[in-house]
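> One structure, as structure tokens, below. Some questions next.
Quick note: the coordinates plus some simple rules give every number you see, no bench work behind them. All of these numbers come straight from a predicted model, not from anything done at the bench. Positions of Cβ are backbone-derived with ideal geometry, glycine not excepted, and every protein chain shown enters the neighbour counts.
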Amino acid sequence: MPHKPTYKELEKRIQELERIEYWCNPSKAASKANIDTVMETIFKVAPIGIGVVKDRIVFEANDFLCRMIGYPREALIGQSSRILYPSDEDYDFVGKEKYRQIREKGVGTVETRFISRDRGTVNILLNSMPLDATDLSAGVIFTALDITESKQTEKALRESEERLKIAGKASYDLIYEWNTANDALEWFGDIDGLLGYEKGEILRNIAAWLGLMHEEDRPLLKTAVEFHRTETASIHYEYRLRHRDGTYRYFHDHGLPQLNEKGRPYKWLGVCTDITDRKRYEEDRKQKAAELENTNTALNILLKKRDKDKQEMEKKISANHDLIILPFLSKLRKSLSDNHQKQLLGILETGLKEILSPFAKKLSDPLIMLTPTEIQIASMIKQGLINKEIAQTLQCSIRTIDTHRANIRKKLALKNKKLNLRSYLLTF
């Protein structure tokens, strides 16, 4: 693709074309042969569309212009220039605006649209000047620069900026653009409102931005600003900005550079995220974790104390049993003459031993489903008492004891099993 000239190059070419005017006098201007001679070299080498119109009829067109609009030269020469435009509105606008500028300034420059048979509508920068400044009827020479690509780029850029502004307004984040040449800051988001200020109250420059920072954060960020004027490492910082009420809000800043042709950053595009709530949550979590740790420590102390107290209580109970209860029971046994009373005393002694021994808990677990009477009977069975002895002790019939024994076997899942009940109870 041929090189597209810049605006300055176009201006220079127009000035060169103006020099043609001194020998393009009115008498020669109407001569197509003379125009061909004048334009021949320029038409061949210029990488831009060039043509001549008289009374808006195409008199000449170079190859570049023909390729631009997709017509052969023969199809253009002698045709109304209306053939170049996609609509009457475009054609009429150029006719009025271009010739108005030529009458006032000698040169007309307008942006318009041409219709290309191959590409559809294309955007054109049209520059025109008369062959005879005193007689427009002598004809007008024009240059046509295809600016479709640049217009599309400009449109995409505008749309991108608009989307950025909308995103900034809709987001809780603050999107910014920092120009390193003049330190201008453009905010896409309500930074003023977020910090409690009136709209526009915060100046849009680096100095004002740094001025809002907490004094402890400012030195680091000043150094960072100077660093990012020339270096391309991405921005990652946390800092505090002063709210109008005097408090500070935490922000996380992340930015990426836009580089010039020398690979140096000339702009930075970044996002400031308000992380105040997150920071407060983290602080609360740390405080609660510390409180929980203290609570756990206190609980562990209480549990240890409880275990110690339990052990001491068990020692006291055991000591009281051995030193106080057993001697009295021994004296009581010696004073008894009735066998029935002695049996009852034996049961009492056995029960006390079981309560004070590790066996007591083992026995209680599998027998927990038994009734108090059944537990008494199970305890006497374990001691080796027969049904008659148990019935005498509990002062009930032997049949009643048989019924209780059957219930005990059923509850202990021993029914229909050839397993001695006393032997089973002795395993606990």
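> 5 Å is the cut-off here: which amide hydrogens, built 1.01 Å from N in the peptide plane, fall below it relative to TYR85, excluding neighbours closer than 5 in sequence?
Those lying under 5 Å, H to H, from TYR85 are ILE115.
> Amide H neighbours of GLN258 under 5 Å, at least 5 residues apart or on other chains, H built in the peptide plane: list them.
For GLN258, whose amide H was placed from the backbone, the distant partners under 5 Å are TYR266, LYS267, TRP268, LEU269.
> Can I ask one more? Starting at the first residue of the range 335-350, write each ³J(HN,Hα) from the Karplus equation 6.51 cos²θ - 1.76 cosθ + 1.60 with θ = phi - 60°, in whole Hz, x for Gly and Pro.
Going residue by residue, I get 8, 8, 10, 7, 4, 4, 5, 5, 4, 4, 5, x, 4, 4, 5, 5 Hz, with x marking Gly and Pro.
> Short version: ³J(HN,Hα) in whole Hz for each residue of the range 252-258, in order, from phi by Karplus 6.51 cos²θ - 1.76 cosθ + 1.60 (θ = phi - 60°), x for Gly and Pro, what are they?
Computed from phi, the couplings for the range 252-258 are 10, 10, 10, x, 10, x, 9 Hz.
> Go through LYS98/LYS151; LYS199/LYS288; LYS388/LYS417; LYS353/LYS418; LYS308/LYS411 and tell me which ones have a Cα-Cα distance over 32 Å in this structure. Before the final figure, lay out the partial values.
Values: LYS98/LYS151 20 Å; LYS199/LYS288 39 Å; LYS388/LYS417 23 Å; LYS353/LYS418 30 Å; LYS308/LYS411 37 Å.
Exceeds cut-off: LYS199/LYS288; LYS308/LYS411.
> For LEU419 and ALA184, compute 0.36 nm times the residue count separating them, minus their Cα-Cα distance, and round to one decimal in nm. Mind dumping the intermediate values first?
Numbers: separation 235, 0.36 × 235 = 84.60 nm, distance 9.67 nm.
Residue separation times 0.36 nm, minus the Cα-Cα distance, leaves 74.9 nm.
> Can I ask one more? Less than 13 Å from a label point 7 Å out along the Cα-to-Cβ axis of GLU283: which backbone N atoms in the range 219-240 qualify, by residue?
In the range 219-240, the label zone of GLU283 (backbone N under 13 Å from the point 7 Å along Cα→Cβ) covers 240.
> Would you kindly derive the ³J(HN,Hα) couplings of the range 212-217 from the backbone phi angles with the Karplus curve 6.51 cos²θ - 1.76 cosθ + 1.60 (θ = phi - 60°), listing them in order in whole Hz, with x for Gly and Pro?
7, 6, 4, 4, 6, 8
> Normalized C-alpha radius of gyration of the range 163-274, against 2.2 N^0.38 Å? Walk me through the numbers on the way to the answer.
On the way: Rg = 13.6 Å, N = 112, 2.2 N^0.38 = 13.2 Å.
Ratio of Cα Rg to 2.2 N^0.38 Å: 1.03.
> Then there is this: Using a Förster distance of 35 Å, how high is the FRET efficiency between ASP192 and LYS151, based on the Cβ-Cβ distance and rounded to 0.05? Write out the running numbers ahead of the final one.
Numbers: r = 35 Å, r/R0 = 0.99.
So the FRET efficiency works out to roughly 0.50.
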